[in-house]
Structures are given as structure tokens and as C-alpha cells.
């Protein structure tokens, strides 16, 4: 590992953000596993939505859980977001993107809710004209 001993491990010398060298077979296997998991989660979502085997009030919760699991599969297998030290910028960019989406969607719902609550009835609007 150290250069002073005369032995230098080239695998440890990777620039942040650079991909490690993997064989084609290992890369394809990772994508195939991700594809199979994504298809399995999608099929499970459709099965849960269309069957009476699951308690009816729990269906939305189950679909949300499966959607979050599928997002995790996509992040790990296709976008290669891991906990490694070279992925810090990717994770921070993802967190910032989620914050912006939350602010836009949550703020829009909040504004529309307050507009709906503070809007006068239609009869009053027609009388004002």
C-alpha cells in the first residue's frame, strides 16, 4: 500500500468519481440483477393493487413502500450511488435535488390548500361582478 515499501496497490489509487475497473461480465450481471429486482417490484405493485388478498386500507401504504424500494434499486444498480467516499458529491447532489422537489411540491400543495380555504363561495364571486 505504501510507496516506501516498494509495493504500490494501483486499485487504491482511484480519483474521486472515477469508476473502478470491473469486467464486462460483472457490470452486465449488476444491471441484470437490478432489472430483475425492478421488474419484481413493479409486478408486485400491480399484484397488490389488483388483488383482494391484501387488506384494502393497507394497499396505498404497500405501494408507497414498494415505490421507495424501487427507487433504492434504481439508485444502487443503475445510478451507482453507494456509500463509498468517492460518491459524496453524488449523494449531496441527490439530497439537494430531493430538497428542491420537496419544497416545490410541498409548497404548491400548501399554497393551493390555503387558496382553496380562503376562496369565497362562487355565489359571492358572481355577486361582486
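The values are calculated or read from the model by the stated rules, or taken from the named source; none is laboratory data. In this text, all values refer to a predicted model and were calculated from it rather than measured experimentally. All Cβ positions, glycine included, derive from the backbone under ideal geometry; neighbour counts span all protein chains shown.
Observations on the model:
- Residue list for region 48-75, restricted to those being surrounded by 11 or more Cβ atoms within 10 Å (Cβ to Cβ) and in a loop (DSSP other than H, G, I, E, B): 54
- Only one of the numbered conditions (1) under 12 Å from the mean Cα position of the chain (by Cα); (2) at pLDDT 90 or above is not met by residue 63, and that is (1).
- Flag for residue 91 being touching a helix residue (DSSP H, G or I) at 6+ places or on another chain (Cβ under 6 Å) and either under 26 Å from residue 35 (Cα atoms) or not in a helix (DSSP H, G or I) (or both): no
- Pair list, Cβ < 8 Å and 6+ apart or interchain, from region 94-122 residues that are within 30 Å of residue 75 (Cα to Cα) to residues that are assigned to a helix (DSSP H, G or I): 94/75
- Just one of (1) assigned by TED's automatic domain parsing to the domain that holds residue 30; (2) modelled with pLDDT of 95 or more fails for residue 50. It is (2).
- No other residue among 37, 29, 41 is under 26 Å from residue 84 (Cβ atoms), out of contact with any helix residue (DSSP H, G or I) (no Cβ under 6 Å at 6 or more places or on another chain) and either at pLDDT below 60 or not in a loop (DSSP other than H, G, I, E, B) (or both) apart from 29.
- Selection count, region 101-129, where residues are loosely packed, with under 10 Cβ neighbours inside 10 Å and assigned to a helix (DSSP H, G or I): 10
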